[in-house]
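K.L.:
Have a look at this one before I ask anything.
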Amino acid sequence: QVIPTTETREDARTIARETVRARAAACAQIVGPVTSTFWWKGRVEEGEEFLCIMKTTSNAYDFLEKTIRSLHRYEVPEIIAVPIQAGARDYLQWLEEEVQASC
């Protein structure tokens, strides 16, 4: 799973739609708003953000990150990957089949 954050719901929708359309991700879910507290340029900042939870494969990560960066407005976007350790076999097979087409 790859999880970027965005400033607006519309930005999250655009990133979700375009990464799935490019087949860099098989699925993208939007969660939020969430409140984020973080260091930025020497200060503690707080803001409302939206999470995109994207399902992809490790082989497609570089393509997905490049696609997210091309659409993202942040100077330093949060793009983190969390490995899927286990899951329903048919779901994981579907995920592989849908993402595989782009790589």
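K.L.:
Report ³J(HN,Hα) in whole Hz for each residue of region 58-72, in order, from the Karplus equation J = 6.51 cos²θ - 1.76 cosθ + 1.60 where θ = phi - 60°; Gly and Pro get x.
P.N.:
5, 5, 9, 4, 4, 5, 5, 4, 4, 5, 4, 4, 5, 10, 7
K.L.:
Scan region 22-51 for trypsin sites (Lys or Arg not before Pro) in coil per DSSP, keeping those whose Cβ has at most 14 other Cβ atoms within 10 Å, and list them by number.
P.N.:
Lys41
K.L.:
Multiply the residue gap between Ile53 and Ile84 by 0.36 nm, knock off their C-alpha separation, and tell me the result in nm, one decimal place.
P.N.:
9.9 nm
K.L.:
Residue by residue through region 11-22, which ³J(HN,Hα) values in whole Hz follow from phi under the Karplus form 6.51 cos²θ - 1.76 cosθ + 1.60 (θ = phi - 60°), with glycine and proline marked x?
P.N.:
4, 4, 4, 4, 5, 4, 4, 6, 6, 6, 4, 6
K.L.:
Still on this structure: Sorting check: for 77-88, 58-69, which peptide has the highest mean count of neighbouring beta carbons within 10 Å, and how do the rest follow?
P.N.:
Going by the mean number of other Cβ atoms within 10 Å, highest first, we get 58-69, 77-88.
K.L.:
When the helices in the chain are scored as -39500 (n - 2.57) per DSSP H run of 4 or longer and the sum is shared across all residues, what 222 nm value do you end up with, to the nearest 500 deg cm²/dmol?
P.N.:
-11000 deg cm²/dmol
K.L.:
Taking only protein heavy atoms and a 1.4 Å probe, what accessible area per residue, in Å², does the chain have with all protein chains in place?
P.N.:
64 Å²
K.L.:
Could you list which residues have their amide H under 5 Å from that of Cys27, counting only those 5 or more apart in sequence or on another chain, with H placed in the peptide plane?
P.N.:
It is Lys55, by chain and number.
The values are calculated or read from the model by the stated rules, or taken from the named source; none is laboratory data. This structure is a prediction, so every number in the text was calculated from the model and none was measured. Glycine also receives a Cβ, built like all others from the backbone with ideal geometry; neighbour counts cover every protein chain displayed. Remember, those area values only see protein heavy atoms, side chains included, never the ligands or the DNA or RNA. Shrake-Rupley method; radii C 1.70, N 1.55, O 1.52, S 1.80 Å.
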